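Student: I have a structure here, written as structure tokens, and I will follow up with some questions on it.
The values are calculated or read from the model by the stated rules, or taken from the named source; none is laboratory data. These numbers come from a predicted model, not from an experiment. Cβ coordinates were reconstructed from backbone atoms using ideal geometry, including for glycine residues, and neighbour counts include every protein chain displayed. Heads up: the accessible areas ignore ligands, DNA and RNA and are worked out on the full protein's heavy atoms, side chains in. Shrake-Rupley method; radii C 1.70, N 1.55, O 1.52, S 1.80 Å.
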Number of protein chains: 2
Amino acid sequence: MTERAVSAEEFDDPVDSEGAPRASDGRVPGRRGRATRQRLLECTREMLASHSYRDLRVVDIARQAGTSPATFYQYFPDVNTAIVALAEEMAEQGNDLVVQLVGRSWSGATGVQTAEAIARGYVQLWEQNWPLMRVLDLTSAEGEHRFRAIRVRLLNQFTEALAEVIRGEQEAGRQTAELDPMATAGVLVSMLAHVASHLYGFEHYGIRTADLERSMAHVLYTTVTGQKPPKSKD
Amino acid sequence: MTERAVSAEEFDDPVDSEGAPRASDGRVPGRRGRATRQRLLECTREMLASHSYRDLRVVDIARQAGTSPATFYQYFPDVNTAIVALAEEMAEQGNDLVVQLVGRSWSGATGVQTAEAIARGYVQLWEQNWPLMRVLDLTSAEGEHRFRAIRVRLLNQFTEALAEVIRGEQEAGRQTAELDPMATAGVLVSMLAHVASHLYGFEHYGIRTADLERSMAHVLYTTVTGQKPPKSKD
DNA sequence: GGCGAAATCTGACGGGTCGTCACATCGTAG
DNA sequence: CTACGATGTGACGACCCGTCAGATTTCGCC
């Protein structure tokens, strides 16, 4: 294979400390420029929701924003860089939510509620951001290091928080010490991530989202605490 | 966005009942033709192992096979169709293996061994076929219906077999009847699929494959049987 | 052994996308 | 109102894809 252009994949979006982006030629854009950049970002988000990621063309985003392809390249070295900007914003907000849920109590009936909240929370996070989440999953499986970094950050903080809980349960003697906490947490987060990203496929096969959430909550609770869940109220 | 060429994505590889493929013009190839086709397939497999799927170019496969791009198009309408042929072969063989494992006994210490065998088996299946598995995961998440069909077939038979076991455990009163068997099985298979496809990522973070297998086996056994595993020998 | 016809292979081309660059336009400070 | 920096764009070269007419190889048959 002839070497392909490495393109800008290896470089990060040039953004200064305040988040003000620089244009391709290194100059700092003014009001008009930033407005155009923002408009391009929003159009990218829209296109991502209505078109397949693979079919996303610069010319379409530019046209949607009422400008020319060359203008797009003035603000982003490529389409991925624009998406990274969007994904970073989403990851920021979404991560807090789920990690926070892990911190709740894991004992008894409250613990079951925690597990349910996590399962539902993760599913909702995915449903609310599926265009970006999908791209994140997709490109992370390939080589794109920036997307992978975001995804890893998103999942890793979650995994570590969960591992900490598992470690606590092990020390309290409620959970078997034979399991590696990080490995176990990784397995659980994998479950959440994969199920969330394939909800539509499951629905297609007649498997209801509510049932999936219940099963995931069950697995979560059981695996984290090492206990059978106390019988629920419903 | 202007409509993109639908290309041959919607059409299946023309293959007659005996598996003998037809060339692009509909004629049945002779010895030389079939040899060339096979050579192209093997080269596709090699390229897939050493190059990213996205960077796979027809011209490279052809060159590797010591022929011209036009020859490739004589036997396959596009690169994906060639990969589908490879993936189908793999799925055939791999599916039997894992589904067969599910049929083993799930009671007591033997059950733990069954769970471990499944976890290890799935991981090995992935490790042995990662170039194809990766493409399957990748393109299924997008729209390619042929890849998705193969992946669904692979996972669905597995899921249904597992659901059947869970249903049995429920009827025997060992597992809570609150959970939908298919949903639960789907969750478990998701776990296996996602962990297997991210083994390298986990290793990168210092999480050992052996620990992942143990954790997955634990989750599998616990969730399927509803019992704590009997204490192991090691 | 030679000769057509069928099978197989290939060079070259039209069509399309990508990213860049020189230049046009805008808008604002003086 | 003018000049200059900031912003926007048409058009171009490079690249990849899939096709097609024609060249080359193989094979059955005399």
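Student: Pick from region A:101-121 the residues that are among the β-branched types (Val, Ile, Thr) and crowded, with 20+ Cβ neighbours inside 10 Å: which of them is farthest from A:PHE158 (Cα to Cα)?
Tutor: At the first step, the residues of region A:101-121 found to be among the β-branched types (Val, Ile, Thr) are A:102, A:110, A:112, A:114, A:118.
Retained after the next criterion (residues that are crowded, with 20+ Cβ neighbours inside 10 Å): A:102, A:112, A:114, A:118.
Working: A:VAL102: 8, A:VAL112: 18, A:THR114: 14, A:ILE118: 10 Å.
Selected residue: A:VAL112.
Table: residues versus (1) modelled with pLDDT under 95; (2) in the same structural domain as B:ASP137 (by TED's automatic domain parsing); (3) among the basic types (Lys, Arg).
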| position | (1), (2), (3) |
| --- | --- |
| B:GLY173 | yes, yes, no |
| B:MET182 | no, yes, no |
| B:MET191 | no, yes, no |
| B:SER215 | no, yes, no |
| B:TYR221 | no, yes, no |
| B:LYS233 | yes, no, yes |
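Student: Then there's this: Before we move on, is A:LEU212 within 7 Å of another protein chain (Cβ to nearest Cβ) and either assigned to a helix (DSSP H, G or I) or under 26 Å from A:GLN93 (Cα atoms) (or both)? Walk me through it before giving the result.
Tutor: On the way: within 7 Å of another protein chain (Cβ to nearest Cβ): yes; either assigned to a helix (DSSP H, G or I) or under 26 Å from A:GLN93 (Cα atoms) (or both): yes.
Judged against the criteria, A:LEU212 is a match.
Student: Being polar (S, T, N, Q), within 9 Å of DNA strand C (Cβ to nearest atom) and modelled with pLDDT under 65 narrows it down to one residue among A:SER17, A:SER7, A:SER68; which is it? Can you show your working first?
Tutor: Working: A:SER17 fails: within 9 Å of DNA strand C (Cβ to nearest atom); A:SER68 fails: modelled with pLDDT under 65.
The unique qualifying residue is A:SER7.
Student: Can you go through B:LEU41, B:LEU86, B:LEU97 and tell me which one is within 14 Å of DNA strand C (Cβ to nearest atom) and either assigned by TED's automatic domain parsing to the domain that holds B:ALA185 or of a type in the set (A, V, I, L, M) (or both)? Spell out how you get there, then give the answer.
Tutor: On the way: B:LEU86 fails: within 14 Å of DNA strand C (Cβ to nearest atom); B:LEU97 fails: within 14 Å of DNA strand C (Cβ to nearest atom).
That would be B:LEU41, the only listed residue that is within 14 Å of DNA strand C (Cβ to nearest atom) and either assigned by TED's automatic domain parsing to the domain that holds B:ALA185 or of a type in the set (A, V, I, L, M) (or both).
Student: Now, a different point. Return yes when A:PRO131 is in contact (Cβ under 8 Å) with a residue 60 or more places away in the chain, more than 16 Å from the chain's Cα centre (by Cα), within 30 Å of A:ARG34 (Cα to Cα) and open to solvent by 20 Å² or more (accessible area, probe 1.4 Å) and no when it is not.
Tutor: Values: in contact (Cβ under 8 Å) with a residue 60 or more places away in the chain: yes; more than 16 Å from the chain's Cα centre (by Cα): no; within 30 Å of A:ARG34 (Cα to Cα): yes; open to solvent by 20 Å² or more (accessible area, probe 1.4 Å): yes.
No: the conditions fail for A:PRO131.
Student: Also, quick follow-up: Got a sec? Which of A:ARG167, A:ARG208 is under 25 Å from B:ALA183 (Cβ atoms), without any contact (Cβ under 8 Å) to a residue 40 or more places away in the chain and open to solvent by 30 Å² or more (accessible area, probe 1.4 Å)? Talk me through it step by step, then tell me what you get.
Tutor: On the way: A:ARG167 fails: under 25 Å from B:ALA183 (Cβ atoms).
Only one candidate qualifies: A:ARG208.
Student: While we're looking at this one, here's another question. State yes or no: is A:VAL219 of a type in the set (Val, Ile, Thr), within 22 Å of A:ALA109 (Cβ to Cβ) and assigned to a helix (DSSP H, G or I)?
Tutor: Numbers: of a type in the set (Val, Ile, Thr): yes; within 22 Å of A:ALA109 (Cβ to Cβ): yes; assigned to a helix (DSSP H, G or I): yes.
Judged against the criteria, A:VAL219 is a match.
Student: I'd like to verify a number: residues in region B:75-116 that are part of a loop (DSSP other than H, G, I, E, B), more than 18 Å from B:GLU213 (Cβ to Cβ) and either touching a residue at least 60 places away in the same chain (Cβ under 8 Å) or within 13 Å of the chain's Cα centre (by Cα) (or both), how many?
Tutor: Pass one, region B:75-116, residues part of a loop (DSSP other than H, G, I, E, B): B:76-78, B:103-107.
After this cut, where a residue has to be more than 18 Å from B:GLU213 (Cβ to Cβ) as well, the list is B:76-78, B:103, B:105, B:107.
With the extra rule that they be either touching a residue at least 60 places away in the same chain (Cβ under 8 Å) or within 13 Å of the chain's Cα centre (by Cα) (or both), the set shrinks to B:76-78, B:107.
Residues in region B:75-116 being part of a loop (DSSP other than H, G, I, E, B), more than 18 Å from B:GLU213 (Cβ to Cβ) and either touching a residue at least 60 places away in the same chain (Cβ under 8 Å) or within 13 Å of the chain's Cα centre (by Cα) (or both): 4 in total.
Student: OK, next. Give just the number: which of (1) open to solvent by 50 Å² or more (accessible area, probe 1.4 Å); (2) closer than 24 Å to B:VAL123 by Cβ; (3) more than 14 Å from chain A (Cβ to nearest Cβ) does B:SER52 not satisfy?
Tutor: Result: B:SER52 passes all but (3).
Student: Out of the residues in region B:136-159 that are open to solvent by 30 Å² or more (accessible area, probe 1.4 Å) and more than 10 Å from chain A (Cβ to nearest Cβ), which is farthest from B:SER52 (Cα to Cα)?
Tutor: My answer is B:GLN157.
Student: Condition first: more than 7 Å from chain A (Cβ to nearest Cβ), closer than 15 Å to A:ASP211 by Cβ and touching a residue at least 12 places away in the same chain (Cβ under 8 Å). Now tell me which residues in region B:171-205 satisfy that.
Tutor: Matches in region B:171-205: B:GLN175, B:THR176, B:PRO181, B:ALA185, B:LEU188, B:VAL189.
Student: Just the residues that are within 12 Å of chain A (Cβ to nearest Cβ), open to solvent by 30 Å² or more (accessible area, probe 1.4 Å) and either within 12 Å of DNA strand D (Cβ to nearest atom) or in contact (Cβ under 8 Å) with a residue 24 or more places away in the chain (or both), please, taken from region B:55-74.
Tutor: Taking region B:55-74 and keeping what is within 12 Å of chain A (Cβ to nearest Cβ), we get B:55-64.
From what's left, open to solvent by 30 Å² or more (accessible area, probe 1.4 Å): B:55, B:57, B:59, B:63-64.
Result: B:ASP55, B:ARG57, B:VAL59, B:ARG63.
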